[in-house]
Structure formats: structure tokens, C-alpha cells
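Participant: My questions all concern the structure below.
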Amino acid sequence: MPELPEVETVRRGLAPSMEGAVLAALELRRNDLRFPFPAEFSRLASGRGITSLSRRAKYLLIDLDDGMTIIAHLGMSGSFRVEAGAAAETPGEFHHPRSKDEKHDHVIFHLTGANGPARVIYNDPRRFGFMDIARRADLASHPSFRDLGPEPTGNTLSADYLAERFLGKAQPLKSALLDQKNIAGLGNIYVCEALWRSHLSPVRAAGTLVTKAGKPSEELRQLVEAIREVIADAIAAGGSSLRDHIQTDGSLGYFQHSFSVYDREAQPCGTPGCGGTVARIVQAGRSSFYCASCQN
Ligand SMILES: [Zn+2]
């Protein structure tokens, strides 16, 4: 499952080709991905101008000039590649190499724009991704979005907000942070990294970060800051490696090598002066990586 920074690097990679272009034809090569495509999907989208490409949680939003928005989720193995003339590239940085096998090309955006014709191709071997189309004005009540908390990148994610959500909760911090109703788009990797940066244990009860008066503790303020930082750092690094790696097939880049605790079981903790070792435990079926010496 791609994490939010990966989806954001995909968005940034696709935007120059898609924004301002005309979606001359939307070609569907099958009837479904994870779910059936919406009725008349191709007819509704074909011929429309693309006004902007944005993101909510791990969903890409392709805004059309008639008030409709295409919603796309990469699932487990989805990727887009851009073909313009003889050049082809797969925007974004992924933990695992992406397929370019044409038999898994399921959706093709045929574009015409200022830079000439281009094709944006959605490839998805496992077909856990999906696409939908909805009125932009209705997105807030769409089933994919109506229960989502604020983005971990925006100003709406504040310590005061999380204090309200965590008040009285015995739930472990790890689970509370993965709950998409609390924060949208935060996944396992970056929860582990943010907890390490803020020296908080994944097993600690979420409610212990809230004062009796219902206010955020200093630790909760530091956690919110750490969440913002790990996401921003990953997006910035993904964006910079994206510029450098055009066409380097299967490049793993920043995302694979830069984690402090994630996937680093039994390695030394990087906190200066700590001397501890990264441990792995399983919480709600997911691995948590943390240092028991400096995360309490
Ligand atoms: Zn440590």
C-alpha cells in the first residue's frame, strides 16, 4: 500500500502532463479494478478539460472543467506512467518497483495539450486500486471521504484537535494514529517514524497525552510536530529524487533507505546518546518498530 508521501510524489509527477490538458478520451480496458467502474465513466470524462490534480489522504483527485472529479486510488500495486512521443516515465517513488507489463495497463487517459498528445496509463497487476467519478461539490459526503480526519500536512491537524480525539482513550497510540477518522492518510511507516521522533511508545494509551482539563500535553504537541515533519521530509525527499531519477527503472530512492526505525529491527537506535536497539512488536496485526529505551 503506498503511503501518503508516495501518492503526493505521484501527483506532483503527473501534474505537469495533466493539468490544463484535455482528456480527449478515457479508455477502459476492462470493466473493473477492485470495484466495477462507475456507469458511463468513459462518456462522462472524455472530452473534458482537466483543471487541476489534487490529493486527499491517499486518493488522487482529477478535477474536470464541468464540476466533476475523477477519484483514483493506487491500491497495492497501481502506478501511472506518462508516455509522450518516445519518452516514458513513471512518476513517484515507491517502496517496491512498479509493473510496466502492458497486460496490466487497465486505464488510459488520452491527453491533448499545449505540449502535444500524451498518454497517461494506469497499470495495476493486482487490481486493488479503484476509480470513481463524482461531483466535486459532493466529495465531502462521498463514502471514501466522509469519515476522514484532517490531513497530516495541513493546519487543521493541531494538538488541540488530537486532544479532543484522544481524551479518555485507552487505545494504544499506534492504533489511534492509524485510525483514519483521527488523521487521514497516515500509514504504518510514518506512524512508527513520528512516534520515534517524539520519543513516545506505540503501546502507550492515547488518553495519557491529554491533561485532566482536556488540553494537549507538551508530548502531544511534540507528536503533532513530528507527524508534520516526517511527512513533509518524505515528500520533499521523494520530490527531489523524482527529478533525479527519470527512467531509472525500479529505483527505490529515499523511501527505502531513510527510515529511522521502520523495518530496522535489531539495529541500533539513532537517537543520540540512547544506545538502545530497535524492536518489532505486532499490534492489531501490523508491525510496530520502536526503541523501548528512549520511547516511553
Ligand atoms: Zn532509542
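Participant: Restricted to Cα positions, what overall size does region 67-199 have along the principal axes? Three whole-Å values, descending.
Facilitator: Reported extents, whole Å, longest axis first: 57, 35, 27.
Participant: Sticking with this structure for a sec: Multiply the residue gap between Ser158 and Ala292 by 0.36 nm, knock off their C-alpha separation, and tell me the result in nm, one decimal place.
Facilitator: Stretched fully, the Ser158-Ala292 segment lengthens by 45.6 nm.
Participant: A follow-up question, please. Kindly state, to the nearest 0.05, the FRET efficiency for Met1 paired with Glu218, given R0 = 35 Å and r defined as their beta-carbon distance.
Facilitator: E(calc), rounded to 0.05, equals 0.60.
Participant: For all pairs of alpha-carbon atoms in region 159-291, what percent lies in each bin of width 10 Å, listed from the first bin to the last filled one?
Facilitator: 12, 39, 32, 13, 3, 0
Participant: Next question, about the same structure. Per residue of the chain, what 222 nm ellipticity follows from adding -39500 (n - 2.57) for every DSSP H run with n ≥ 4, rounded to the nearest 500?
Facilitator: -7500 deg cm²/dmol
Participant: Could you order the peptides 54-64, 274-284, 188-198 from most to least packed, using the average number of other C-beta atoms within 10 Å per residue?
Facilitator: Ranking the peptides 54-64, 274-284, 188-198 by packing returns 188-198, 54-64, 274-284.
Participant: Please compute the length gained on full extension between Ala15 and Arg126, using 0.36 nm multiplied by the number of residues separating them and subtracting their Cα-Cα distance.
Facilitator: That works out to 37.5 nm of additional length.
Participant: For region 36-178, with only Lys/Arg (+1) and Asp/Glu (-1) charged at the beta-carbon, what is the dipole magnitude about the Cα centre, in debye rounded to 20?
Facilitator: 320 debye
Participant: Using a simple charge model, +1 on the beta-carbon of Lys and Arg, -1 on the beta-carbon of Asp and Glu, nothing else, what dipole does region 2-85 show about its Cα centre, in debye to the nearest 20?
Facilitator: It comes to approximately 180 debye.
Participant: While we're looking at this one, here's another question. Given a Förster radius of 51 Å and the C-beta distance between Thr208 and Thr51 as r, what FRET efficiency does 1/(1 + (r/R0)^6) yield to the nearest 0.05?
Facilitator: 0.65
Participant: Hey, another quick one. Report the relative contact order of region 4-141, percent, no decimals, based on alpha-carbon pairs under 8 angstrom and at least 6 residues apart.
Facilitator: Details: 302 pairs, mean separation 43.9, N = 138.
Taking the mean separation of contacting Cα pairs over the length of region 4-141, I get 32 percent.
Participant: Oh, and also: Once the piece of chain linking Ile281 and Gln171 is laid out straight, how much longer is it, given 0.36 nm per residue of separation minus the C-alpha distance between them? If you can, show how the numbers build up before the last one.
Facilitator: Working: separation 110, 0.36 × 110 = 39.60 nm, distance 1.60 nm.
Roughly 38.0 nm would be gained on extension.
Participant: Still on this structure: Roughly how large, in nm² to one decimal, is the mean projection of the convex hull of the alpha-carbon atoms in the chain?
Facilitator: Numbers: hull surface 64.3 nm².
Approximately 16.1 nm², given one-decimal rounding.
Participant: In debye to the nearest 20, how big a dipole does the chain give about its Cα centre with +1 on each Lys and Arg Cβ and -1 on each Asp and Glu Cβ? Please report the intermediate quantities before stating the final value.
Facilitator: Working: 34 positive and 34 negative charges, 135 e Å.
The calculated dipole for the chain is roughly 640 debye.
Participant: Percent relative contact order of region 159-291, based on C-alpha pairs within less than 8 angstrom and at least six residues apart?
Facilitator: Relative contact order comes out at 25 percent.
Participant: Along the charge dipole of the chain, which of Thr211, Phe41, Ala24 sits closest to the positive end, that is, farthest toward it, with unit charges on the beta carbon of Lys, Arg, Asp and Glu (+1, +1, -1, -1)?
Facilitator: Thr211
Participant: Also, I was wondering about something else. For region 4-141, go through all pairs of different Cα atoms, get the mean of 1/r, take its inverse, and jot down that Kirkwood value in Å.
Facilitator: 14.8 Å
Participant: Below 8 Å between Cα atoms, with a sequence gap of 6+, how large is the relative contact order for the chain in percent?
Facilitator: Here the relative contact order equals 18 percent.
Participant: Next question. Grab every C-alpha pair in region 133-220, bin the distances at 10 angstrom width from 0 up to the longest one, and report whole percents.
Facilitator: 17, 47, 25, 10, 1
Participant: Would you check the accessible area of Thr271, probe 1.4 Å, heavy atoms only, in square angstrom rounded to 10?
Facilitator: 20 Å²
The values are calculated or read from the model by the stated rules, or taken from the named source; none is laboratory data. Note that the structure is a prediction, hence the values are computed from the model and not measured. Using ideal geometry, Cβ is built from the backbone for each residue, glycine included, and neighbour counts are taken over all protein chains shown. Heads up: the accessible areas ignore ligands, DNA and RNA and are worked out on the full protein's heavy atoms, side chains in. Shrake-Rupley method; radii C 1.70, N 1.55, O 1.52, S 1.80 Å.
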